[in-house]
Amino acid sequence: GAGVSQSPRYKVAKRGQDVALRCDPISGHVSLFWYQQALGQGPEFLTYFQNEAQLDKSGLPSDRFFAERPEGSVSTLKIQRTQQEDSAVYLCASSLGPAEAFFGQGTRLTVV
Amino acid sequence: SQELEQSPQSLIVQEGKNLTINCTSSKTLYGLYWYKQKYGEGLIFLMMLQKGGEEKSHEKITAKLDEKKQQSSLHITASQPSHAGIYLCGALYNNNDMRFGAGTRLTVKP
């Protein structure tokens, strides 16, 4: 595709349910970022991949959050046993390196 | 991110007025991004600055990076309602790790 694609666009989960959010980066982009954005806030860093290597996961808020990028392309952010405080927009971005980073439209997660 | 401070948090200006948004990093930057975000949408890239003292312009928006590469300002000349949105600065540090400020919500009154 021409841009970063995230799916689903919207997800409603019951508290305690596991969810998986997908990010398809731009083909060939080495770097991939995940961010969490609460309403009215700036994006908060979650984790960063360079190819398949997860170089920084310091932003993951708890061990319920897990991200992978096994083949250095598509990435999945998994949240186990979702809680209400997990409700947010999850943004994915990709870049070739220290250059313009392109963002997807985000996945809006609502935990009820 | 506590490493990146953005000010002001919100700004309301009359159409036609100029405005400035600031972004300050506690660490030396490898690069600095400016993005714009409309509610419920993704981030739209505006500019990236990498060199100390660099200045870039796009239409009525100008961004500068100071010589020490720790502070950037975004200036909009003769603001229009189409400029309204959330402006975010993103810092690129040496490890290619990108962090964002909290954003500035701009309202332009016609």
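Every read-out reported here was derived from the displayed coordinates using simple, explicitly stated rules and does not represent laboratory data. Everything numeric here is computed off the predicted structure, so don't read it as measured data. Virtual Cβ from ideal backbone geometry, glycine too; neighbours counted across all protein chains shown.
Data for the structure
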read-out: Pairs of alpha carbons in chain A whose separation is greater than 19 Å (percent); value: 38
read-out: The protein assembly as shown - convex hull of alpha carbons, volume per residue in Å³; value: 115
read-out: Antiparallel DSSP beta bridges within the protein assembly as shown, as percent of all bridges there, nearest 5; value: 90
read-out: Taking B:Glu54, B:Glu5 and counting other C-beta atoms within 10 Å, the order from fewest to most; value: B:Glu5, B:Glu54
read-out: Evaluated at q = 0.10, 0.17 Å⁻¹: base-10 log I(q)/I(0), Debye formula over Cα of chain B; value: -0.25, -0.73
read-out: Proxy reagent accessibility, fewest Cβ within 10 Å first, across A:Phe66, A:Phe33, A:Phe45; value: A:Phe66, A:Phe45, A:Phe33
read-out: Antiparallel content of DSSP bridges confined to chain B, in %, to 5; value: 90
